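Below is one structure, written out as structure tokens; comments come after it.
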Amino acid sequence: MTSNYKLVQWNRHKKVYDIVLLGAVLGYLLTFFIATTIAHPTPRDISIPVVAIRALATLAFILLHIILCIGPLARLTNRPAPLLYNRRHLGVTFFVVAFAHAALATAYYGGFGVRNPMAATLDGYHSFASISGFPFEVLGLLALIIFFVMAATSHDFWLANLSPRLWKSLHMLVYLAYGLVVLHVGFGALQSERSPIFAIALLLGVLTVATLHIVAGLKERRPGRRAAQPTTNWLDVGSIDEIQDNAAKVVCLKDRERIAVFKYDGKVSAVSNVCAHQNGPLGEGRIVNGCITCPWHGYQYLPEKGQSPPPYTETIPTYNVRLEGKRILINPHPNPPGTPVTPAIIEATAL
Amino acid sequence: MNNQDANAFYVGYLPLPRAHRRALRIYIPTLIACIAVLGVAFAFAQRDPGPGAWDTSRLREWTGRLQALPYPVLIDDTDGSALLVVEQGKHGPRQAAHTSGHARLRGWLLERNGRRMIELDPAEDALRISAPTTTPPPRAPGPVVELVGEILDAKCYLGAMKPGDGKAHKACATLCIQGGIPPMLYVDEPSGHRRHYLIIAPDGLSAADIVLPFIGEPVSIRGRLAKLADLDLLFIDTGAVTRR
């Protein structure tokens with residue numbers, strides 16, 4: 001949480017994460033070089049800069065798929081949460097790898113000649129009207145620009161100053177960039193290479209990303225997460241028996257607003273399901289040390305106040321809540337972020 | 001899994017729950033193994049770049065008759081074969097190489113399937129022409145043919161860049177031909193043999209402007225055949241190239 005800004009708020013998990021990530025990146029590049037040397041010995045060897053361009057390209061392709069799959073996987077089960085926790089470092093690492101691929105390809109294929117390397121790479125007598133002549137490099141550049149904006153604004157400083165909603169919208173552009181990468185590979189490498197492995201890998205990658213997002217989306221829309229229709233100003237959102245201690249039920253309103261209803265210490269409180277940090281799903285979190293704790297990055301809020309514990313300053317909207325027997329009733333009109341609300345007390349007879 | 005493990009909740013700045021530690025011990029090695037397998041599979045799946053060779057370890061000298069048009073070609077005194085001549089980088093030969101005559105050249109050899117090229121040493125004395133002559137552009141007396149293949153720059157294809165063909169290499173090949181490297185067509189014959197043709201404009205000069213929009217793509221190309229030493233020439237008109 002942010003009482004001030006540091007370049008990286010290091011802790012043991014982040015250090016271990018980054019060491020494993022760096023080892024995996026270097027290990028992959030080394031593996032690709034060694035395997036290429038074995039598979040393509042002299043005199044039918046592949047030029048070393050081309051091997052480097054391809055090693056970086058395939059690594060970026062793999063990293064992008066891991067980044068896109070972690071999110072929905074963590075929605076389906078909490079076990080991959082440690083992989084999600086430091087995903088922005090994975091994202092920045094991916095951008096560095098993708099940028100290195102683009103820079104090396106531009107310098108090698110566009111350099112040493114009579115034109116500016118960028119101009120030579122992007123304006124090589126392409127034809128937008130034909131598949132074989134389509135300029136796949138332009139697609140890659142557009143994707144790289146989006147990834148650059150995402151990497152450059154990944155720090156919490158930008159998150160706070162752009163507002164979480166705008167920041168989230170900006171970072172949703174990753175799906176547009178992913179589409180551009182798929183086309184970049186389809187119009188480029190797939191037309192240069194003959195092995196079906198590359199097409200199969202691309203197809204499986206797209207299917208995996210799409211399937212995980214659809215399944216995670218369906219889970220969020222399952223009937224148990226929907227609220228009953230309001231009869232008065234209050235919504236009946238279910239029974240206290242449906243909620244485990246120190247956990248929440250997520251209620252989806254008609255206008256797609258989501259409310260997280262937490263049960264803890266014999267009380268019930270309701271807050272917005274959207275974390276003020278990166279719009280993480282608070283309702284999939286837990287009560288830890290008396291605070292609602294976001295499953296993505298551990299941001300915490302006092303359930304009765306909708307505020308982070310001092311000295312932190314994040315706030316979220318709260319909702320008025322009351323009980324009728326075991327039934328939980330919520331006023332669907334949110335209070336301004338950080339408004340204290342008296343929790344509903346679970347009577348001993350209702351337990 | 002006990003109830004405590006089932007309800008385990010991960011928070012990045014708190015100690016790792018036992019259930020998550022166990023899961024990570026499976027996830028991380030599995031993920032790394034999958035990535036390594038993909039790396040090996042991608043590396044082995046790369047297509048064969050061909051047997052082009054660029055011997056930068058040894059400067060050599062050649063003597064022969066330099067034919068300046070359409071692209072500078074040295075007819076080697078020792079065996080009468082033709083060697084294309086280019087400069088370092090993506091550049092055609094220096095102005096002096098556009099004078100025909102008996103010549104001595106120093107440079108590095110590029111070679112693929114018997115087709116050879118000299119990359120000139122950048123020193124001024126790497127090209128000496130002892131008896132300049134005037135040679136008219138070659139003519140195209142041969143039959144009209146229609147060939148299917150790919151147009152590329154001769155230098156990368158013969159070994160400067162491997163692979164030196166295909167869509168990924170299109171921008172590079174275009175830049176090379178813009179810089180004066182001769183355009184070449186390769187054709188895979190049904191027998192499995194690959195033939196190479198130096199592409200020339202109908203006036204016997206460079207065909208760069210005609211072929212530039214079609215480099216690195218599968219094309220049909222119509223033209224007349226001719227020979228220069230052991231080099232196959234293909235004379236083409238504007239509009240002779242179509243995408244396939």
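Within the shell defined by Cβ-Cβ distances under 15 Å, the residues around A:MET150 carry a net charge of +2, with Lys and Arg each +1 and Asp and Glu each -1.
Exposure proxy check: A:LYS263, A:LYS326, B:LYS227 ranked by fewest other beta carbons within 10 Å? Write out the running numbers ahead of the final one.
Working: A:LYS263 24, A:LYS326 15, B:LYS227 12.
If I rank by nearby Cβ atoms, fewest first, I get B:LYS227, A:LYS326, A:LYS263.
Residues whose amide H lies under 5 Å from that of B:ASP232, counting only those 5 or more places away or on a different chain, are B:LEU198; hydrogens are built 1.01 Å from N in the peptide plane. In degrees between 0 and 90, to the nearest 10, how far off the longest principal axis of chain B does helix B:18-45 point, with axes built from Cα atoms? Helix B:18-45 sits roughly 20 degrees off the main axis of chain B. For the stretch A:335-346, 3J(HN,Hα) computed residue by residue from phi via the Karplus equation (6.51, -1.76, 1.60; θ = phi - 60°) reads 7, x, x, x, 7, x, 9, 6, x, 7, 8, 7 Hz, glycine and proline entered as x.
Provide A:HIS101, A:HIS333 in ascending order of the number of other Cβ atoms located within 10 Å of each residue's Cβ, fewest first. Don't skip to the end; give the middle numbers.
Details: A:HIS101 22, A:HIS333 9.
By the 10 Å Cβ count, ascending: A:HIS333, A:HIS101.
The separation of the stretch B:95-154 from the stretch A:263-320, counted between C-alpha centres, amounts to 76 Å. Residues in the stretch B:67-73 carry Karplus couplings, in order, of 9, 6, 10, x, 10, x, 9 Hz; the curve used is 6.51 cos²θ - 1.76 cosθ + 1.60 with θ = phi - 60°, and Gly or Pro positions show x.
Each helix, a run of at least 4 DSSP H residues, gives -39500 (n - 2.57); summed and divided by the residues of chain B, these come to -5500 deg cm²/dmol at 222 nm.
Full extension of the chain between A:ARG44 and A:VAL92 gives 13.7 nm of extra length, using 0.36 nm per residue less the Cα-Cα distance. Estimated purely from DSSP H runs of n ≥ 4, each contributing -39500 (n - 2.57), the mean residue ellipticity at 222 nm for chain A is -15500 deg cm²/dmol once divided by its residues.
Quick one: how many lysine pairs in chain A have C-alpha atoms under 15 angstrom apart, if they're 8 or more apart or on different chains? Lysine pairs meeting both conditions in chain A amount to 9. Placing unit charges on the Cβ atoms only, positive for Lys and Arg and negative for Asp and Glu, gives chain A a dipole magnitude near 280 debye about its Cα centre. Evaluating 6.51 cos²θ - 1.76 cosθ + 1.60 at θ = phi - 60° for every residue in the stretch A:40-53, the Karplus couplings come out as 10, x, 4, x, 9, 7, 9, 3, 4, x, 5, 4, 5, 4 Hz, glycine and proline recorded as x.
Every read-out reported here was derived from the displayed coordinates using simple, explicitly stated rules and does not represent laboratory data. Not measured: the values here are computed from a predicted model. Cβ: placed from backbone, ideal geometry, glycine included. Neighbour counts: every protein chain shown.
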